Amino acid sequence: MPCDEIALSLQAYRIAFGLPPVPLPDEDLPLLLSVRRSRWGERKGIRSRTAIWKLVTGLCSEAFAYARAHGRLVDADRFERASAHWLRHTCAKGLAQAVGDGLDASAALENTDHSDLRTFRQ
């Protein structure tokens, strides 16, 4: 997915939460936001791996049920097999291509929490 499309999607996401499309310089909100607010009405971020896993698997389950109910069996099969780890591999595959195109390998390793460059040569 081109960076322009990602930026537009992130801007739409922020607007849906009532935020400005671009983060303010001193903003410390995480990228993923909870639909719930704190006791004081402040936005809460999704910060744990478990919470992200639950979010991704829940969305995949809903998408699977919707696709199956509407006869979209190929899509249903993909969503049934999808997982948070699947998204991690998708990201790593894109980073591996970026390393091949000149991205600093140390940045890619840091983003995937890997320590061995051979990860991107597979």
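Answer with yes or no whether residue 67 is assigned to a helix (DSSP H, G or I), in contact with a helix residue (DSSP H, G or I) (Cβ under 8 Å, 6 or more places away or on another chain) and modelled with pLDDT of 85 or more. Here the answer is yes, as residue 67 does meet what is asked. Against the test of being assigned to a loop (DSSP other than H, G, I, E, B) and at pLDDT below 90, the options 19, 55, 59 yield a single qualifying residue, 19.
Cβ-Cβ distances below 8 Å connect the following pairs, each with a first residue in region 91-103 that is free of Cβ contacts under 8 Å to residues at least 40 places away in the same chain and under 15 Å from residue 113 (Cβ atoms), a second residue that is of a type in the set (S, T, N, Q) and part of a helix (DSSP H, G or I), and a separation of six or more residues or different chains: 91/111; 91/112; 92/112; 92/119; 95/111; 95/112; 96/119.
Does at least one position in region 106-121 carry a residue that is at pLDDT 80 or above, more than 14 Å from the chain's Cα centre (by Cα) and part of a helix (DSSP H, G or I)? No, every residue in region 106-121 fails to be at pLDDT 80 or above, more than 14 Å from the chain's Cα centre (by Cα) and part of a helix (DSSP H, G or I). Could you list, in sequence order, all residues of region 41-78 that are among the hydrophobic types (A, V, I, L, M, F, W, C) and more than 30 Å from residue 109 (Cβ to Cβ)? Of everything in region 41-78, those that are among the hydrophobic types (A, V, I, L, M, F, W, C) and more than 30 Å from residue 109 (Cβ to Cβ) turn out to be 63, 64, 65, 67, 69, 73, 74, 76. Every listed requirement among (1) in a helix (DSSP H, G or I); (2) closer than 23 Å to residue 10 by Cβ is met by residue 80 save one, (2).
With the requirement that a residue be surrounded by 10 or more Cβ atoms within 10 Å (Cβ to Cβ), of a type in the set (A, V, I, L, M) and under 28 Å from residue 85 (Cα atoms), what does region 22-58 give you? Answer for region 22-58, where residues must be surrounded by 10 or more Cβ atoms within 10 Å (Cβ to Cβ), of a type in the set (A, V, I, L, M) and under 28 Å from residue 85 (Cα atoms): 29, 31, 32, 33, 46, 51, 52, 55, 56.
The values are calculated or read from the model by the stated rules, or taken from the named source; none is laboratory data. Values in this document were obtained by computation on a predicted structure and should not be read as measured data. Positions of Cβ are backbone-derived with ideal geometry, glycine not excepted, and every protein chain shown enters the neighbour counts.
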